[in-house]
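Undergrad: The following block contains the structure, expressed as structure tokens.
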Amino acid sequence: MEDDRRARELKERSRAAFDAQAATYDDGMEGDHARGLYPLVAEEVASAVAGKEGPRLLDLGCGTGALAELVLARVPGCRLSCVDLSPRMADAARARLGSRAEVAVADAEALPFPEESFDAAWCNDSFHHYPDPDRAAFSVWRALRPGGAFVVGDVWQPAPARALMNAWMPHSREGDVRIYSEGEMRAILGKWFDAVDWRRVGQTACVCVARKGRQGA
């Protein structure tokens with residue numbers, strides 16, 4: 001019960017913070033880290049579905065839809081669904097993407113899609129907000145088709161700085177939960193996905209690509 005209460009509190013902090021940031025996220029400093037990862041995440045998604053006709057894609061924590069728009073340009077003919085915990089971020093994404101995507105307010109830990117719905121999914125600068133990252137990883141794995149890929153762009157720090165920031169995280173007003181090491185990210189995603197690639201990006205970020213095994217492989 002205490003864990004459930006804490007999870008609800010963290011999600012409410014995230015929802016409130018990103019509702020407040022929705023109008024300025026595309027240009028303000030609060031979205032700077034996420035924007036730096038946009039082209040890298042879009043490249044990984046495009047690579048994951050190269051050669052597929054009309055792939056179905058899922059954006060978790062879509063924010064204002066700016067990254068989704070970049071993916072749409074890289075993967076013409078795709079069918080895109082976007083979710084965000086923040087209603088105002090979802091509104092901004094709808095305004096940007098129009099009929100090019102379906103946008104819903106939803107929790108990444110309980111995605112409202114049938115099994116094996118998507119060829120690729122991604123989240124950018126949102127994984128460290130999930131109170132139950134294992135459940136979120138399973139939720140994505142379940143929604144992906146065999147052979148599908150999950151691309152994660154997220155914050156990263158070397159061990160000393162990471163320890164300090166993780167000690168501060170419980171006091172974050174934005175619902176931050178934890179900055180993960182390479183080993184932790186591999187362990188979380190590796191519970192469900194058959195292969196996990198991880199690479200550092202500069203001094204403050206990482207990109208992971210987790211792949212769901214093919215049936216019969």
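Undergrad: Most fluctuating residue of A187, A68, A108 in a GNM of the chain with Cα springs under 10 Å: which is it?
TA: A187
Undergrad: Turning to a different aspect of this structure: Roughly what would the spin-label model give for A95 and R74, points 7 Å off Cα along C-beta, in nm?
TA: Modelled inter-label distance: 2.6 nm.
Undergrad: Using heavy-atom solvent-accessible surface (probe 1.4 Å) with all chains present, what is the largest-first order of H171, H33, H128?
TA: H171, H33, H128
Undergrad: What share of all Cα pairs of segment 40-169, in percent, falls into each consecutive 10 Å distance bin?
TA: 13, 44, 32, 10, 1
Undergrad: Next up: Largest first and in whole Å, give the semi-axes of segment 27-75's equivalent ellipsoid, each being the square root of 5 times a Cα gyration tensor eigenvalue. Working shown, then result.
TA: Values: eigenvalues 97, 22, 12 Å².
In descending order, the three semi-axes are 22, 11, 8 Å.
Undergrad: Label E182 and A167 with points 7 Å out from Cα along Cα→Cβ: what is the distance between them in nm?
TA: Inter-label distance under the simple model: 2.5 nm.
Undergrad: Across 10 Å bins from 0, what is the distribution of all Cα-Cα pair distances for segment 28-112, in whole percents?
TA: Per 10 Å bin, starting at zero, the Cα-Cα P(r) for segment 28-112 comes out as 18, 50, 29, 2 percent.
Undergrad: Tally up the carbon and sulfur contribution to the accessible surface of segment 96-217 as a whole percent, 1.4 Å probe, everything protein left in place.
TA: Working: 2920 of 5590 Å².
In segment 96-217, the share of accessible area belonging to carbon and sulfur is 52 percent.
Undergrad: Under 4.7 Å Cβ to Cβ, no partner at all: give me those cysteines from the chain, in residue order.
TA: C78, C123, C206, C208, each lacking another Cys Cβ under 4.7 Å.
Undergrad: Need one number: nm distance between label points at E30 and S47, each 7 Å from Cα along Cα→Cβ, rounded to one decimal.
TA: So the two model labels end up 3.2 nm from each other.
Undergrad: Also: Ignoring ligands, DNA and RNA, what accessible area per residue does the chain give at 1.4 Å, in Å²? If you can, show how the numbers build up before the last one.
TA: Values: 10210 Å² over 217 residues.
The answer is 47 Å² per residue.
Undergrad: Using a 1.4 angstrom probe on the protein heavy atoms only, line up W122, W156, W141, W192 by accessible area, largest first. Walk me through the intermediate numbers first.
TA: Values: W122 0, W156 25, W141 75, W192 95 Å².
The most accessible residue leads, giving W192, W141, W156, W122.
Undergrad: If the elastic network links every pair of Cα atoms under 10 Å, which of A161, A93, A104 fluctuates the most in the Gaussian network model of the chain?
TA: Ranking A161, A93, A104 by mean-square fluctuation puts A161 first.
Undergrad: Starting from the amide H of S117, placed 1.01 Å from N in the peptide plane, find each other amide H under 5 Å away whose residue is 5 or more places distant or on another chain.
TA: Amide H neighbours of S117, under 5 Å, 5+ apart: L144, R145.
The values are calculated or read from the model by the stated rules, or taken from the named source; none is laboratory data. Treat the numbers as computed from the prediction; the structure is a model and nothing was measured. Positions of Cβ are generated from backbone atoms using ideal geometry, with glycine treated the same way; all protein chains shown enter the neighbour counts. In case anyone asks, the SASA skips ligands and DNA or RNA and just uses the protein heavy atoms, side chains included. Shrake-Rupley method; radii C 1.70, N 1.55, O 1.52, S 1.80 Å.
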